[in-house]
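A.B. asks: Below are the structure tokens for one structure; questions will follow.
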Amino acid sequence: MDSHVGEVDIFQQCKYIHEVELVNMKLQMRILETHIETKDRLLRNLEDIIDEQESRIANMEDFIQGRATTYTNRSNMLRGISVLSLDFGTLSEENLRLKSALSQLQKVARVNEILETDEDYESDMTSNEDRFALSRDSSCSVPRSVSPQPTGDVIKPYPQMVQSMREEGQIKKLQRCAEKLKNEKDELRRLAIDTKDAFSVCMAEMNMMLTSKTTDFFRVLIERYKAEMEKRKQLHNQLVELNGNIRVFYRIRPQLASESDSQKPVVVIDDMDNGVVHVSNSSGSRKTSAGADKVIPTDFSQDQIFNEVSPIITSCIDGYNVCIFAYGHTGSGKTYTMDGPVEMPGINQRAIMQLFETAKERTGDIKYDIKVAMMEIYNEKIRDLLNTSNTNLAIRQTEEGKSSIPGLEEVTVNSAQEVTETLARGRKNKSVAATEANIESSRSHVIVRVLVSATNLITKVTTVGESFEELGSPCLHMSFSGRLNLVDLAGSERVSQTNATGQLLKEAQAINKSLSELGNVVLALRQNQKHIPFRNCQLTRILEDSLSEFSFHVVSENIHFVPDGDSKTLVIVHLSPDAKSLNESISSVNFAEKIGQVFTKSGTMKRESTRRSMTGITTGQRREIPASPKK
Ligand SMILES: Nc1ncnc2c1ncn2[C@@H]1O[C@H](COP(=O)(O)OP(=O)(O)OP(=O)(O)O)[C@@H](O)[C@H]1O
């Protein structure tokens, strides 16, 4: 039954197609006939016109030649022309109509062509139906009879059928497209995943390569940088020796429990250069110090600090005059470094003990004597800390031009116990007061002076100035002495910062003046100035011998040996990491930079040749000067 219905459908559709083609042919026939008819009419009219013209010409000839008196046939000619133009009008209307029908048919034919070329779209049969449907839509004057409607229940109405067939075709096509697109999308997704994986692997490899290359590169750079830094340090040391053997260390103390540890420390050591510190506040402004000789980190123990300074102390036993200053604002840790708590003694006690040890090692024919004196300079007055009755000692000039403090008690110490007791006695007598910044602030400069003298036990001669080992056999009958000054300076705080009044204000002013004079003296020494302003305050007057270059003499029976520049000075500048001390820390860094400057133009080879290194090895010759009468 179904196949029968299908056949009927096909038959019906073929019939429609033939009818359409018939209509087409008829239409074309009609167009041709109309053309021929019109052309015939035109020809006829043209013949009439030609006849008219010929008779007109003949008439004109007659008239010209005088055979006729009037010109005739003119009206006939006009009539012919009007008939002709009427025909033309009719003809053009007809032509337009035919032209429009023809263009519609051409359009149908064109659509069919296009549909036929789309192999996936429709079969020949449906394209014919389409053609038919389109021709039905067109405005061509095809008779209505040529578009029969299919009849019967089994056959769908023609437009619906066409529509459904077209939709089915389109849906299939769309489904195929969708399938294809889906496949492509899956393929693309797989490709994207693969590419991503490959990219990750590539990136990881590149990262590893870059990291290792960069690490190597940085390692090489850092090594080079460190080597350069080392070289710079060596050069700096040479210049320091040429310029008066003044060294500058920084010590940054840890944050105290009373200070807010939520704040970042304002003073930090440069990662790349252990001679540089950065002082910065939370707003980012910062000061970077010029290179000092060393920065002692916060976590260094008292023992470790002493290891850093012990070479300079040992050189005292070799006859050098050594000065170690603790500089810094109040509460920055100066007393902690120099004196220290009982359980963790500072440089003072350790230095004297080391001198003992070294003296013991060298004992043979030589007997070393170690004496300790302690004094403080309070409001420009010198007070003896080991004899409290000496409250205002004076500085005198000896005949050799050396300064001495007559009456200053010097205690000979023979054991560690005696050293500890002597230092404790002096500490007890110090002038301290509670300030806003430190409840136990030192209000004076405290000087612990250690005198080392050596006596030849065979000759019983005590000589000041040079060690036996270095003087050699002609001088074996001599002894020597060296002097070590350990100075805990008073706090360098600015007067405005402490809110000091009355006595405290007076103290602060005296402290500041003497600190500034000390800075000037050290700077003048550094610059090898002719005039060194030792005389401007008690502090620099007391230390004149120890700081000046012609600081001690080697004496024999007839000859004085005067080594140039045999003093060594170390300034330990103390810094607090506390934000409240920022300005004070910056001014301490400024002080360190001032005294730490190295001047290249002034050092002479002569001075270098007579100087010894930190370990005390003499590098040059001594010059001889006429002996002065021995006291
Ligand atoms: N390296 C350190 N480790 C632990 N505590 C320290 C250190 N340095 C200083 N302090 C502590 O900081 C406080 C202030 O130190 P210190 O008295 O030494 O300061 P100062 O600079 O001598 O002050 P001033 O000039 O007022 O005498 C003390 O309580 C001390 O114990």
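The values are calculated or read from the model by the stated rules, or taken from the named source; none is laboratory data. None of these values were measured; they are calculated from a predicted model. When we count neighbours, we look across all protein chains shown, and the Cβ atoms used for this are built from the backbone with ideal geometry, even at glycine. When the accessible area is computed, the model is the full protein with side chains, heavy atoms only, and any ligands, DNA or RNA have been set aside. Shrake-Rupley method; radii C 1.70, N 1.55, O 1.52, S 1.80 Å.
A.B. asks: Could you please tell me which pairs satisfy a Cβ distance under 6 Å, a separation of 6+ or placement on different chains, a first residue in the stretch 292-311 that is outside the structural domain of Q349 (by TED's automatic domain parsing), and a second residue that is within 13 Å of the ligand (Cβ to nearest atom)?
C.D. replies: Within 6 Å, no pair qualifies.
A.B. asks: Among the residues of the stretch 325-339, write down those that are open to solvent by 10 Å² or more (accessible area, probe 1.4 Å) and more than 7 Å from the ligand (Cβ to nearest atom).
C.D. replies: Y327, D339
A.B. asks: Turning to a different aspect of this structure: Within the stretch 484-508, restricting attention to residues that are at pLDDT 85 or above and not in a loop (DSSP other than H, G, I, E, B), which residue is nearest to the ligand (Cβ to nearest atom)?
C.D. replies: Only one residue fits best here, namely D488.
A.B. asks: Any chance the stretch 234-250 includes a residue that's in a helix (DSSP H, G or I), modelled with pLDDT of 75 or more, open to solvent by 70 Å² or more (accessible area, probe 1.4 Å) and not assigned by TED's automatic domain parsing to the domain that holds I595?
C.D. replies: No.
A.B. asks: OK, next. Within the stretch 423-451, track down each residue that is in a strand (DSSP E or B), within 15 Å of the ligand (Cβ to nearest atom) and either modelled with pLDDT under 75 or farther than 21 Å from G502 by Cβ (or both).
C.D. replies: Correct list: V432, A433, S441, S442, V446, I447, V448.
A.B. asks: Are any of the residues in the stretch 284-303 assigned to a helix (DSSP H, G or I) and either within 14 Å of the ligand (Cβ to nearest atom) or among the aliphatic types (A, V, I, L, M) (or both)?
C.D. replies: Checking the stretch 284-303: at least one residue is assigned to a helix (DSSP H, G or I) and either within 14 Å of the ligand (Cβ to nearest atom) or among the aliphatic types (A, V, I, L, M) (or both).
A.B. asks: Considering every residue within the stretch 371-384, establish whether at least one is free of Cβ contacts under 8 Å to residues at least 24 places away in the same chain, among the acidic types (D, E) and within 16 Å of the ligand (Cβ to nearest atom).
C.D. replies: No, the stretch 371-384 contains no residue that is free of Cβ contacts under 8 Å to residues at least 24 places away in the same chain, among the acidic types (D, E) and within 16 Å of the ligand (Cβ to nearest atom).
A.B. asks: Taking the stated definitions as given, is S389 part of a loop (DSSP other than H, G, I, E, B) and either open to solvent by 60 Å² or more (accessible area, probe 1.4 Å) or modelled with pLDDT of 70 or more (or both)?
C.D. replies: Criteria met by S389.
A.B. asks: Given the conditions (1) within 9 Å of the ligand (Cβ to nearest atom); (2) open to solvent by less than 40 Å² (accessible area, probe 1.4 Å); (3) in contact (Cβ under 8 Å) with a residue 40 or more places away in the chain, and given that G319 satisfies all but one, which numbered condition is not satisfied?
C.D. replies: (1)
A.B. asks: In the stretch 346-374, which residues are surrounded by fewer than 21 Cβ atoms within 10 Å (Cβ to Cβ) and assigned to a loop (DSSP other than H, G, I, E, B)?
C.D. replies: T363, G364, D365
Here is a yes/no grid of residues against (1) out of contact with any Cys (no Cβ under 7 Å at 6 or more places or on another chain); (2) under 30 Å from Q106 (Cβ atoms); (3) modelled with pLDDT of 80 or more:
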position	(1), (2), (3)
E7	yes, no, no
F11	yes, yes, no
D48	yes, no, yes
Q53	yes, no, no
A58	yes, no, no
G66	yes, no, no
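A.B. asks: Also: May I ask you to list pairs of residues, at least six apart or on different chains, whose Cβ atoms are under 7 Å apart, with the first in the stretch 427-446 being closer than 16 Å to G346 by Cβ and polar (S, T, N, Q) and the second being more than 9 Å from the ligand (Cβ to nearest atom) and at pLDDT 75 or above?
C.D. replies: Qualifying pairs under 7 Å: S442/K430.
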